[in-house]
1. Go through (1) surrounded by fewer than 23 Cβ atoms within 10 Å (Cβ to Cβ); (2) within 26 Å of Leu67 (Cα to Cα); (3) modelled with pLDDT of 85 or more for Arg182 and report which single condition fails.
2. Among the numbered conditions (1) surrounded by 24 or more Cβ atoms within 10 Å (Cβ to Cβ); (2) closer than 19 Å to Gln212 by Cα, tell me where Ala99 comes up short.
3. Within the group Leu264, Leu277, which residue is over 21 Å from the mean Cα position of the chain (by Cα), more than 27 Å from Val123 (Cα to Cα) and of a type outside the set (D, E, K, R)?
4. Looking at region 153-179, which of its residues are small (Gly, Ala, Ser) and either modelled with pLDDT of 80 or more or in contact with a strand residue (DSSP E or B) (Cβ under 8 Å, 6 or more places away or on another chain) (or both)?
5. Could you list, in sequence order, all residues of region 225-260 that are in a helix (DSSP H, G or I) and of a type in the set (Ser, Thr, Tyr)?
6. For the structure I just gave you, tell me whether Arg77 is over 21 Å from Ser235 (Cβ atoms) and either in a helix (DSSP H, G or I) or at pLDDT 90 or above (or both).
7. Identify, please: which residue in region 112-130 is within 27 Å of Gly92 (Cβ to Cβ) and part of a loop (DSSP other than H, G, I, E, B) and is, among those, modelled with the highest pLDDT?
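The values are calculated or read from the model by the stated rules, or taken from the named source; none is laboratory data. Given the structure is predicted, the values throughout are model-derived calculations rather than measurements. Please note: Cβ atoms are built from the backbone with ideal geometry, for glycine as well, and neighbour counts cover all protein chains shown.
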Amino acid sequence: MQEPQWSRRALPAIDRSMAPIDIFLVFLVNLIWGFNFIAAKVGVGELPPMLMTGIRFCAIALVLFPLLFRVPRDQMRAVIWVAITAGLLHFGLLFIGIARVGDVSSAAVAIQLNIPFVTILSVIVLKETIRWIRIAGIVLAFAGVVVIGYDPQVFSYIDGLMLCVGAAFAMAVAMIIMRRMRGVGVFVLQAWMGAITGPAMLALSLVFEDGQVQAVADASLLAWAAVAYTAFCSSLIAHAANYRLLQRYPVTLTAPMMLMSPVLGIVFGVTLLDDTLTVRMIVGSLMTLAGVGIVMLRERRIAGTAS
């Protein structure tokens with residue numbers, strides 16, 4: 001089978017030292033995605049998950065519709081694959097999974113499996129190198145997330161958890177494809193994700209869900225605010241910033257930094273939803289932050305040595 005043309009292209013140049021603006025973007029993305037766990041849980045509490053996902057992406061497609069025609073012809077296949085993996089598969093599986101799990105922290109743990117998934121894929125597919133200190137940082141960060149989300153009752157909603165794991169793998173595949181793309185604007189990519197994912201999720205909702213009309217009629221302003229947040233903050237801002245980072249830095253550097261988002265999700269859960277702050281949450285959060293710190297400091301040290 002012939003290898004897709006986009007996969008043979010040279011990778012975009014990699015900066016070895018992260019610019020201050022990009023460090024800011026790392027924290028901004030984590031902040032937005034951390035709160036996104038709360039918004040998603042609120043939204044699927046009132047709207048069927050496929051319906052909510054469809055509405056979210058249709059809104060994005062409408063806002064960015066003029067950009068649909070600005071894709072380089074030789075990148076069209078890659079754009080479609082990103083739309084399918086990062087949009088239809090990732091968000092479809094994630095929102096259905098969140099609706100089925102017992103708590104947000106369990107979903108947050110499962111979705112962070114995209115970090116080891118994308119690290120393995122980046123080494124195999126992109127031939128990126130990763131040394132033992134950064135591996136140790138990734139393991140420590142992920143172990144902290146597991147400590148945060150460990151729940152003895154997890155097997156009572158294992159189906160929802162496995163859906164979140166599938167969503168994590170789909171996003172890992174999308175990140176590898178995005179790393180190879182060239183000449184595709186970030187909002188152009190978001191426009192195509194909306195155009196493909198939105199109608200597809202609405203169609204799936206018609207087949208597999210019921211009560212959509214009543215749910216839309218009864219949805220509160222808080223639920224619609226959650227939909228707007230997931231569409232315009234999580235997608236247009238956070239995913240746009242993450243795409244910039246993927247284009248400029250190795251996947252093995254950028255992906256582990258996003259492990260701060262579940263820690264922030266726990267903080268939002270405690271402060272906004274009156275979740276109980278436990279020793280497990282504190283220890284896990286410190287482990288994750290330490291692991292991310294190791295990854296970032298290791299990269300800066302390598303950059304300083306190279307210069």
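1. (3)
2. Evaluating Ala99 over (1) surrounded by 24 or more Cβ atoms within 10 Å (Cβ to Cβ); (2) closer than 19 Å to Gln212 by Cα leaves (1) as the failure.
3. Numbers: Leu264 fails: over 21 Å from the mean Cα position of the chain (by Cα).
That would be Leu277, the only listed residue that is over 21 Å from the mean Cα position of the chain (by Cα), more than 27 Å from Val123 (Cα to Cα) and of a type outside the set (D, E, K, R).
4. We begin by selecting, within region 153-179, every residue small (Gly, Ala, Ser); these are 156, 160, 166-168, 170, 172, 174.
Correct list: Gly166, Ala167, Ala168, Ala170, Ala172, Ala174.
5. Going through region 225-260, the residues in a helix (DSSP H, G or I) turn out to be 225-248, 251-257, 260.
Matches in region 225-260: Tyr229, Thr230, Ser234, Ser235, Tyr243, Thr252, Thr254.
6. On the way: over 21 Å from Ser235 (Cβ atoms): yes; either in a helix (DSSP H, G or I) or at pLDDT 90 or above (or both): yes.
Considered against the rule, which asks whether it is over 21 Å from Ser235 (Cβ atoms) and either in a helix (DSSP H, G or I) or at pLDDT 90 or above (or both), Arg77 comes out as yes.
7. Taking region 112-130 first, the residues within 27 Å of Gly92 (Cβ to Cβ) are 112-122, 124-126.
Now restrict to residues that are part of a loop (DSSP other than H, G, I, E, B): 112-113, 126.
On the way: Gln112: 72, Leu113: 75, Leu126: 83.
Checked region 112-130; the qualifying residue modelled with the highest pLDDT is Leu126.
Conditions (1) without any contact (Cβ under 8 Å) to a residue 12 or more places away in the chain; (2) out of contact with any Gly (no Cβ under 7 Å at 6 or more places or on another chain); (3) part of a loop (DSSP other than H, G, I, E, B); (4) crowded, with 24+ Cβ neighbours inside 10 Å, marked per residue:
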| site | (1), (2), (3), (4) |
| --- | --- |
| Leu31 | no, yes, no, no |
| Ile38 | no, no, no, no |
| Lys41 | no, yes, no, no |
| Met50 | no, no, no, yes |
| Gly54 | no, no, no, yes |
| Phe57 | no, no, no, yes |
